Structures are given as structure tokens and as C-alpha cells.
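Trainee: The following block contains the structure, expressed as C-alpha cells.
The values are calculated or read from the model by the stated rules, or taken from the named source; none is laboratory data. Since the model is a prediction, treat every value here as computed from it, not as a measurement. Note that each Cβ is placed from the backbone with ideal geometry, even for glycine, and that neighbours are counted across all protein chains shown. Keep in mind that these areas ignore ligands, DNA and RNA; they rest on the heavy atoms of the full protein, side chains included. Shrake-Rupley method; radii C 1.70, N 1.55, O 1.52, S 1.80 Å.
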Amino acid sequence: MIELKNRYKVRLFIDEACSFGVMGETGRGITEHFNIPMEEVDLITATLEAAIPGYGGFCVGTSFVVDHQRLSGLGYCFSASLPPFQAGVAIAALDILESNPEIIRSLKENCIYMHDLLIKLSSELITLSDSISPIKHLYIAEPIQRTQALNRLNGIVAYVSSKEGIALTVAQYLNSEEHKLPPPSIRLIVTAAMTAEDIDRIFSGLKDACKNQVDS
């Protein structure tokens, strides 16, 4: 993408909503993951509501791009800025990540471990997520109608919740607003705080739910 950007003289913007605080050796995101100088990217945006436990977000980039953004969005930016205590929460979370890079390593190990277990469900549920992604989407393996798939997934979620006390959720979309509506899925999030026992328990609950084939 950077090669194409330089060849055709276009801007490269990257949305790191799901990669900031996750990818790279220290969680700096996709540029660190691929060992690409950040200066090669014109603008990076990320949320503070995922890996960072706050809300809002930020944009970083070359000075002339950020200056243009600041001037163009002056009224909006300064009328919707973070409260000081939320900015403090974000800074504290970044400090923790910077001083404890093992958090990122633990997250990656948990993601891979969860992924390897989920593959064993492939006769009932499949995941197309990358092994190092903390966001795992589980789809019904057999091709069935959307309504049937939703009923089965909701049944699995309800079973795991009632039997194991594990909170999962079926991904929600604005059906009429999506340009291309994604297929129904269970959205599962892996965190660095999970233990191997936690992951085993989630897998066991999903396996039992698939075996019992409960529909909502």
C-alpha cells in the first residue's frame, strides 16, 4: 500500500480501532507489527474504547495534515474533547502498556491458544479471524438461511450463559444500512487477563452448546 501511495501520490489513512494497543511488540499498532516507519503513513486514527479502557479517540499524522484537520474541525474538536479525567485514564493505560510489554505478549499467546481451540469446532462453528487477532467471529459451518443461523447462534450464546455463566454475544448490525451485510456470527473477545483455564472453559462451553444444538 505504501508503494502504491508513493507511486500515485495519494494519502494513506489507517484506522487502528482494533489494532492499537494490540499489534506490534509494544502495542503501537500495525506500523510496528509490519516494521513500517510511521512517517510513511499520512494519518492514523484509533479509538480509546478498546485496548485503552476509556472513550473518545485520537488522530496522529504529519504536521501539515494534522494542522489542516485542526483548522477545519476547530469548533467540533474543541466542543467534543475528552474530560480531563478521561484523558488521565488514557495516559495511565498507555503508561501501563509501555512499562509492561509482557501484556502484549500474553495477549498474543492467548489469542493463538484460543484460535487453536476454536479450530477444533470447525464441524459446527468456523472462524475466519487471524490467529493473533483478539476479536474472534464464529460462524455456522454449514450454509443455512440467515434466520436459522441467527437462531442457532443465539441458542449457543444462551446455553453457554446459562450453563457456564460465560457472557458471549451475537454480533449486531444495522441490517438495512450495511452496504454488504456480514453473515451472522458470535463475537468473542480475547484479553491478556484471561488464563488458560478461562479459555479452556469458554471452549468447553461452546463445544457442549454445539453438541446439544440448542436454538433460541
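Trainee: Using alpha-carbon pairs under 8 Å, 6+ residues apart, how would you state the relative contact order of segment 146-216 in percent?
Mentor: 49
Trainee: Just to be sure I understand the model, the point goes 7 Å from the Cα along the line to the Cβ. What's the resulting K163 to Q86 distance in nm?
Mentor: Reported label-point gap for K163 and Q86 is 4.0 nm.
Trainee: Could you work out the relative contact order of segment 1-42, using alpha carbon pairs under 8 angstrom and six or more residues apart, expressed as a whole percent? All intermediate terms of the calculation are to be shown ahead of the outcome.
Mentor: Details: 39 pairs, mean separation 13.5, N = 42.
Computed over segment 1-42, the figure is 32 percent.
Trainee: Related question: Report, please, the projected area of segment 48-88 averaged over directions, based on the convex hull of its C-alpha atoms, in nm². Write down the numbers at each step before the final one.
Mentor: Numbers: hull surface 13.4 nm².
Over all viewing directions, segment 48-88 projects a mean Cα-hull area of 3.3 nm².
Trainee: Assuming 1.002 mPa s and 20 °C, estimate D for segment 10-101 with Stokes-Einstein, Rh taken as the Kirkwood radius over Cα pairs, in µm²/s. Write out the running numbers ahead of the final one.
Mentor: Working: Rh = 14.1 Å.
D, rounded to a whole number, is 152 µm²/s.
Trainee: If each residue of separation counts as 0.36 nm, what is the full-extension length gain between H68 and E177 once their alpha-carbon separation is subtracted?
Mentor: Stretched out fully, the H68 to E177 stretch lengthens by 36.2 nm.
Trainee: Here's a follow-up. Report, in degrees rounded to the nearest 10, the 0 to 90 angle that the Cα long axis of helix 63-72 makes with the longest principal axis of the chain.
Mentor: 80
Trainee: Relative contact order of the chain, please, whole-number percent, based on alpha carbon pairs below 8 angstrom and at least 6 residues apart.
Mentor: Relative contact order, the chain: 16 percent.
Trainee: Just the number please: accessible area per residue for the chain, 1.4 Å probe, all protein chains included, in Å².
Mentor: Accessible surface, normalised per residue, equals 61 Å².
Trainee: Top mean-square fluctuation among V66, V41, V22, Gaussian network model of the chain, C-alpha springs under 10 Å?
Mentor: Per the Cα network of the chain with a 10 Å cutoff, V66 tops the list.
Trainee: Here is a further query. Carbon and sulfur: what percent of segment 78-208's accessible surface (1.4 Å probe)?
Mentor: Of the solvent-accessible surface of segment 78-208, carbon and sulfur hold 55 percent.
Trainee: I want to verify a result. In a Gaussian network model of the chain, Cα cutoff 10 Å, which of these has the top mean-square fluctuation: L125, L48, L174?
Mentor: It is L174.
Trainee: Can you give the helix-only mean residue ellipticity at 222 nm for the chain, where every DSSP H stretch with n ≥ 4 adds -39500 (n - 2.57) and the sum goes over all residues, rounded to the nearest 500 deg cm²/dmol?
Mentor: Here the helix-only value at 222 nm equals -14000 deg cm²/dmol.
Trainee: Give me P(r) over segment 21-168, computed from all C-alpha to C-alpha distances, binned every 5 Å, as integer percentages.
Mentor: Calculated over all Cα pairs of segment 21-168, the distribution is 2, 8, 11, 14, 15, 14, 12, 11, 8, 5, 1, 0 percent.
Trainee: Which net charge results for the neighbourhood of R201, defined as the other residues with beta-carbon distances under 12 angstrom from its beta-carbon, given Lys and Arg at +1 and Asp and Glu at -1?
Mentor: Numbers: positive: K163, K207; negative: E164, E197, D198, D200, D208.
Counting the neighbours of R201, the net charge comes to -3.
Trainee: In the Gaussian network model of the chain, springs joining C-alpha atoms below 10 Å, which of Q148, Q69, Q86 carries the largest mean-square fluctuation?
Mentor: Answer for the Gaussian network model of the chain: Q69.
Trainee: Now, a different point. My understanding is that a pair violates if its Cα-Cα distance is over 27 Å; which of K120/K163; K180/K207; K136/K207; K136/K180; K120/K180 do that in this structure?
Mentor: K180/K207; K120/K180
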